[in-house]
Amino acid sequence: MHEPGNETPSKAEWRTRILRARAELPPEAHAREAAALATAASSIHAETVCAYLPFGTEPGQISLVNALAATGARVLLPVIPDTPGPLDWSEYTGPDALIPGRLRGVLEPSGPRLGTAAVASAQVLLIPALAVDRHGTRLGRGAGYYDRTLTAAPDTARVAVVRAEEVVDHLPAEPHDVPMTAVLTPSGLIQLPRAAAAR
């Protein structure tokens, strides 16, 4: 992802640019990146991981979640609430136990709901993103579900999942933005500087 010279794009401009680039990615390239992302995810080891199921043009496929489960981790997936707020969670027990969620195209586990506080039980939290900068600023879609969720898990490693081209030098940040501690791309896991993560 090439950054403009002296311009300072807004979050909306970044979102438009990245969503267009994702939409233009050929299906075979998306599949190759998804396979590489799953391989990279297998390097994450934790007792409990909060993850998510990529959908649409997001990097990754269900293989991302299966790779995490194959490490022996307990994998929790988000359940989107009816009104904007922190995410609920449910354990991933396999693809056959997934059902359509309230947002079109999003699948969720059909098992018991564990509550919004379940995120605090995880050592690692994988977070969808459109981009992340080298200071840990994450660009999401703007709904705010993860911003509201992360306050309940201050000690959990926060890993943004993006394409390699979506790791950029600088993104606009706001006071409520919770910094990421690492980035997962098809090329591997990138740890971000502790000083940046503690901003």
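The values are calculated or read from the model by the stated rules, or taken from the named source; none is laboratory data. Source: prediction; values computed, not measured. All Cβ positions, even for glycine, are placed from backbone atoms using ideal geometry, and neighbour counts span all protein chains on display. Surface accessibility is based on the protein's heavy atoms, side chains included, excluding ligands, DNA and RNA. Shrake-Rupley method; radii C 1.70, N 1.55, O 1.52, S 1.80 Å.
General remarks:
- For the range 150-196, a residue qualifies if it is open to solvent by less than 20 Å² (accessible area, probe 1.4 Å) and more than 26 Å from LEU76 (Cβ to Cβ), and the qualifying residues are VAL168, LEU171, ALA196.
- Restricting attention to the range 44-60, the residues that are under 21 Å from ALA73 (Cα atoms) and charged (D, E, K, R) add up to 1.
- Within the range 11-36, residues that are open to solvent by less than 60 Å² (accessible area, probe 1.4 Å) have Cβ atoms under 8 Å from residues that are part of a helix (DSSP H, G or I) and hydroxyl-bearing (Ser, Thr, Tyr) in these pairs: ALA34/SER63; ALA35/SER63, counting only partners at least 6 apart in sequence or on another chain.
- Residue list for the range 126-138, filter: touching an Asp or Glu at 6+ places or on another chain (Cβ under 8 Å), within 16 Å of LEU53 (Cα to Cα) and either free of Cβ contacts under 8 Å to residues at least 60 places away in the same chain or not in a loop (DSSP other than H, G, I, E, B) (or both): PRO128, ALA129
- Residues in the range 103-142 that are in contact with a Phe, Trp or Tyr (Cβ under 8 Å, 6 or more places away or on another chain) and of a type in the set (Ser, Thr, Tyr): THR116 only.
- Near pairs, Cβ below 7 angstrom, 6+ apart or cross-chain, from the range 161-175 (more than 22 Å from ALA41 (Cβ to Cβ)) to any residue that is basic (Lys, Arg) and open to solvent by 10 Å² or more (accessible area, probe 1.4 Å): ASP169/ARG134; PRO172/LYS11
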